[in-house]
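Here's the structure we're looking at; comments come further down.
The values are calculated or read from the model by the stated rules, or taken from the named source; none is laboratory data. As the structure is a computational prediction, the values presented were derived from the model and not from experiment. Neighbour counts are summed over all protein chains in view; Cβ atoms, including those assigned to glycine, are modelled from backbone coordinates with ideal geometry.
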Ligand code: ING
């Protein structure tokens, strides 16, 4: 067994953010959870995807209106500076998701990693964008990530967050094994992510329990198969009546859920994550260098959609 490398790891789940809620009100909630996480031993806190606003892709509107109401042109900015200041004062690093408008006018579903000194050490832009770009007036709500966001152009990267090799992703990315494998091939030991997952599927009559089971099985399988810790933060509950699942979770490299949220409100879960736990899996069952055969995996890169069996 390797020697232990403990990390105080917390997930700060957000309950609903309604259209009427201001960024100042949200940042106050984030700071309260940051303080609670610190009091429970956290050194790193994971906040949700699009953590500053309601999940606005559920609404049909013009790109211009969306940008005006829900996008950030700078990070930090006046609304979020208090969060950065408090995190630095407490000596806690954090991941947070937000809608990014770049100076060139490009729109991304973005997350950043901030270290304990308050420096942004990494940025990620969501690659797997679910949903649609057309208006579906007959649907109970929209899922317009393909309208409001461009596919991320920064790739899946691993950043040094106070000595922890940390990979970032966002929401739907967690359902795709490629996300974690590309991060694990860069020696990630922790993957952090936020999500907003509507309870109901607008495309077919999906049993509602599957939203939680597919969310959890995606985290558990990929944590184990890549020997990484996974920390996933929900924004959840009913936002102006539109329900999203909770089940924020921290998963060990064993694939076991070691902490899970119980409510659909603001809630902090926190664990003492031994980062050395992954070593045993990386050195043996998932020793990539010893056991992988990329020459047999080519289809994964060469094909986008499924095609005919290889002759
Ligand atoms: N939300 C959902 C998610 O991936 C979704 C969308 C749910 C897609 C279930 C497919 C199945 O959790 C976001 N924001 O990606």
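Residues in region 179-196 that are crowded, with 23+ Cβ neighbours inside 10 Å and either part of a strand (DSSP E or B) or without any contact (Cβ under 8 Å) to a residue 60 or more places away in the chain (or both): 179, 180, 183, 188, 190, 191, 192, 193, 194, 195. All of (1) without any contact (Cβ under 8 Å) to a residue 60 or more places away in the chain; (2) touching a strand residue (DSSP E or B) at 6+ places or on another chain (Cβ under 7 Å); (3) closer than 26 Å to residue 183 by Cα hold for residue 106 with one exception: (2). Listed here are the strands (runs of 3 or more DSSP E) enclosed by region 1-120 that have at least 1 residues being surrounded by fewer than 24 Cβ atoms within 10 Å (Cβ to Cβ) and within 16 Å of the ligand (Cβ to nearest atom): 93-101, 107-114. The helices (runs of 4 or more DSSP H) falling completely within region 202-311 include none with 1 or more residues that are closer than 18 Å to residue 176 by Cβ and at pLDDT below 95. Against the test of being touching a helix residue (DSSP H, G or I) at 6+ places or on another chain (Cβ under 8 Å) and touching a residue at least 24 places away in the same chain (Cβ under 8 Å), the options 80, 73, 166 yield a single qualifying residue, 80.
Filtering 152, 131 for residues that are within 16 Å of the ligand (Cβ to nearest atom), crowded, with 21+ Cβ neighbours inside 10 Å and part of a loop (DSSP other than H, G, I, E, B) leaves a single hit, 152.
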